[in-house]
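The block underneath contains the structure these notes are about, expressed in structure tokens.
The values are calculated or read from the model by the stated rules, or taken from the named source; none is laboratory data. Fair warning: this is a prediction, and the values are worked out from it, not measured in the lab. As a convention, Cβ positions derive from the backbone with ideal geometry for all residues, glycine included, and neighbour counts pool all protein chains shown.
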Amino acid sequence: MQATTELPAKSAAAGVPPSAARRVIVCSGTGCKANGSEQVYAAFTEAIAAAGLPVVTEFKHEGHEGAVRVTKSGCQGVCSQAPLVTLLPEKILYMRVTPDDVAEIVRETLGAGRVVERLLYRTPVEDKACRGPEQIPFLNRQTHVVLRDVGYLDPENLKEYISLGGYEAARKAFTAMTPEQLCAEISKSGLRGRGGGGFPTGRKWEAARVQPGPKKYVICNADEGDPGAFMNCSVMEGNPHSVIEGLMIAARAIGADEAYVYIRAEYPLAVKRMRQAVTDAENAGFLGDNVFGSGLRVHCELKEGAGAFVCGEETAMIASIEGQRGMPRPKPPFPAQSGLWGKPTIINNVETLAQVTRIIRDGADVFRRVGTATAPGTKTFSLTGHVANTGLIEVPFGTTLGEVVFNIGGGVTDDSGKVTKDCFKAVQIGGPSGGCLTKDHVNLPLDYDSLRGVGAMVGSGGLVVMNQRTCIVSIARFFMDFTQRESCGKCVLCREGTKQMLVLLDNILEGRADETTLPLLEKLAVAVQKGSLCGLGKTAPNPVLSTLRYFRAEYEAHIFAKKCPTGRCKALVKWVIDEEKCKGCTACVKVCPVNAISGEKKKPHRIDSAKCIKCGECVNTCKFAAVVQGA
């Protein structure tokens, strides 16, 4: 089950209108903005003008020959190196650019054609400088379809989106295809939902299309709530019109005339750009009462969610849009039969809708050229944790875990940030609903069926890499704490079961567990899985069950030896002083808040375990590394 990487033909070079000779693209995704990219953008417009070069900041098909166009973009991928700046047509990518670097870039690169070496990406192990995306393994080993224009396109400029073939697919859907043909094309493509469950999109659309009645709805699920996940956010920030266009196509396919984008308020930049995209599409006549002269209407409204994780579940989302408390309801009936205000409704997430746009524009056969037979296409992932290259990636389904972590990610890092051999311990995939993968899974293809077979799932696409110094029990506790706090409380098993699972995990981490703890934890986890009403509750125990499956010995060490193998669990640490290393400097005595350390000056000291509160101040203070963990 190997992935292929044949790309569809582009309607134009990514982000480069035919008449644009020079371009400076400043990343303006959330990560780069947080690191000062807005100041970098302003510095470029000023420095280029000061150098006597004409500057253009708005898209034009003509009339700016010889000018340098300075624009913003969405996430350019390498989030750990923010802010990022791309120069075209040189195809140079500069990292960690500050306003103080801008004058040098203008002088050396735009003026003299020389590369500023110190701002280039350097490979984590070889320390080799890479001029641009084509030389950077993190980027050149990916296959961008959804993200193809995200790091180049000006997300706030409708004209540029149109110049790259934007709204061609929607026009085709409304003027040259019937709803039956649209559903058939999506079914032929094999597109499966990118929000977690992987349900075939064509089947979902067809189920809604055949429902009787004149009123139907489509909803874009932009309520991305998994810890460590930011894929949908990045797509909306970088190419919002691709999502709106996909939503329009979905509406046409089922016969809906109203669409909603349900987006969490914690994504202010995505909210701003999606709202502007809707307004611009309405002003251009793409959205409204007579879409492309077809006589059909599609109106779109943004609904900001308050950040409840459970509202990512489709029936809870529907309740929230209706003004009710966001709580799931039993199925059937499914939303395709009775959804928003009791009308047939389909819900697709951001990435699914962006894929729809590509499928209708380029065709189902082109879409199926990448990925696997049962999971065609690509998947975006957010790559975070103990990995050299953190950021936003897109790879074909079927790409192995090892390819993502070691080749694209650049390898696993120790606590100092250095790539270290044999440092890899695990990857949590799919957030709280997902599972844990280990070094035994480095050759595992990332797709729906393979992951399900090892107790994990694609989920929304969050990948958190962990090194050997990570306490697996603490990780399981982190995700359980998240799901317990986010439980809507409707189901007894989810509301109370996750709470009791959290108590058991706390007992393990704090040394109170015994031989009855693990069997009880497993029994409770299975009960929560089986008895919860919605998918979020049913998958809440996954991080616990998957880590127990692969790291049971680590749980047992906490319980029976009262010791954390990684030394991370403060309650299980016993600090002692190595007499051979101790110089008797008394520095530890001075910082101990409970007077647990005693000894004569210039002689080895001792720690009274009965008094020690394990705060770690002595460890941080000792210059001779004399405070160590005891047996």
message = One residue is enough: does segment 373-383 have a residue meeting the conditions in a loop (DSSP other than H, G, I, E, B), under 24 Å from the mean Cα position of the chain (by Cα), buried (at least 20 other Cβ atoms within 10 Å of the Cβ) and outside the structural domain of residue 183 (by TED's automatic domain parsing)?
response = yes
The residue from 613, 607 that alone is hydrophobic (A, V, I, L, M, F, W, C) and in contact with a Phe, Trp or Tyr (Cβ under 6 Å, 6 or more places away or on another chain) is 607
Going through segment 579-599 in order, the residues found to be among the hydroxyl-bearing types (Ser, Thr, Tyr) and in contact with a strand residue (DSSP E or B) (Cβ under 7 Å, 6 or more places away or on another chain) are 598
Given (1) within 16 Å of the chain's Cα centre (by Cα); (2) small (Gly, Ala, Ser); (3) within 23 Å of residue 486 (Cβ to Cβ), residue 455 misses just (1)
Being in contact with an Asp or Glu (Cβ under 6 Å, 6 or more places away or on another chain), among the hydrophobic types (A, V, I, L, M, F, W, C) and over 21 Å from residue 518 (Cα atoms) narrows 491, 423 down to just 423
Counting only strands (runs of 3 or more DSSP E) wholly inside segment 24-142, the ones holding at least 1 residues that are within 26 Å of the chain's Cα centre (by Cα) and among the aromatic types (Phe, Trp, Tyr) are 92-94
Residue count, segment 549-594, condition in a loop (DSSP other than H, G, I, E, B), of a type outside the set (Gly, Ala, Ser) and within 46 Å of the chain's Cα centre (by Cα), comes to 15
Restricting segment 257-313 to residues that are aromatic (Phe, Trp, Tyr) and not in a loop (DSSP other than H, G, I, E, B), the one modelled with the lowest pLDDT turns out to be 309
Flag for residue 261 being closer than 19 Å to residue 154 by Cβ and either of a type in the set (A, V, I, L, M) or not assigned by TED's automatic domain parsing to the domain that holds residue 285 (or both)
no
Scanning segment 106-130 residue by residue, those out of contact with any Ser or Thr (no Cβ under 9 Å at 6 or more places or on another chain), surrounded by 16 or more Cβ atoms within 10 Å (Cβ to Cβ) and free of Cβ contacts under 8 Å to residues at least 60 places away in the same chain turn out to be 109, 119, 120, 121
Only one of 288, 305, 312, 326 is touching a Lys or Arg at 6+ places or on another chain (Cβ under 8 Å) and under 14 Å from residue 223 (Cα atoms), namely 305
Considering segment 393-419, residues that are in a loop (DSSP other than H, G, I, E, B), small (Gly, Ala, Ser) and out of contact with any helix residue (DSSP H, G or I) (no Cβ under 7 Å at 6 or more places or on another chain), and then whichever is farthest from residue 478 (Cα to Cα), we arrive at 398
Answer with yes or no whether residue 349 is farther than 27 Å from residue 538 by Cα and either surrounded by 18 or more Cβ atoms within 10 Å (Cβ to Cβ) or touching a helix residue (DSSP H, G or I) at 6+ places or on another chain (Cβ under 9 Å) (or both). no
Filtering segment 528-540 for residues that are part of a helix (DSSP H, G or I) and surrounded by 15 or more Cβ atoms within 10 Å (Cβ to Cβ) leaves a count of 7
